[in-house]
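Peer 1: First the structure, which I've put down as structure tokens, then a few questions once you've had a look.
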């Protein structure tokens, strides 16, 4: 490959990357992930987004938070986790919907 092709490939990839996407997000973002969910398998978009997008937003000064429930499936069902989910969710709304 030549340098022109390499540069076009790198430029295109960075526009499609999550870090590239993060620059277009301006509003606060709360990400909640249940680690045992099928959507959390390591090669899915969700599993890639969560560790990447939150730090990228924070570097831009956009409030973001990642909450992971390592022992839950798609739904947060355990009472203690459900209580934490509601606390985080409604706390986030209270903070950013003032």
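Peer 1: Within segment 72-98, which residues are part of a loop (DSSP other than H, G, I, E, B) and either in contact with a strand residue (DSSP E or B) (Cβ under 9 Å, 6 or more places away or on another chain) or loosely packed, with under 11 Cβ neighbours inside 10 Å (or both)?
Peer 2: Within segment 72-98, 72, 73, 74, 75, 76, 78, 97, 98 qualify.
Peer 1: Please pick out the residue among 46, 50, 4 that is surrounded by fewer than 16 Cβ atoms within 10 Å (Cβ to Cβ), at pLDDT below 85 and either under 19 Å from residue 89 (Cα atoms) or in contact with a strand residue (DSSP E or B) (Cβ under 7 Å, 6 or more places away or on another chain) (or both).
Peer 2: None of the others qualify; the one that does is 46.
The values are calculated or read from the model by the stated rules, or taken from the named source; none is laboratory data. Nothing here was measured: the structure is a model prediction, and the numbers come from that model. Glycine also receives a Cβ, built like all others from the backbone with ideal geometry; neighbour counts cover every protein chain displayed.
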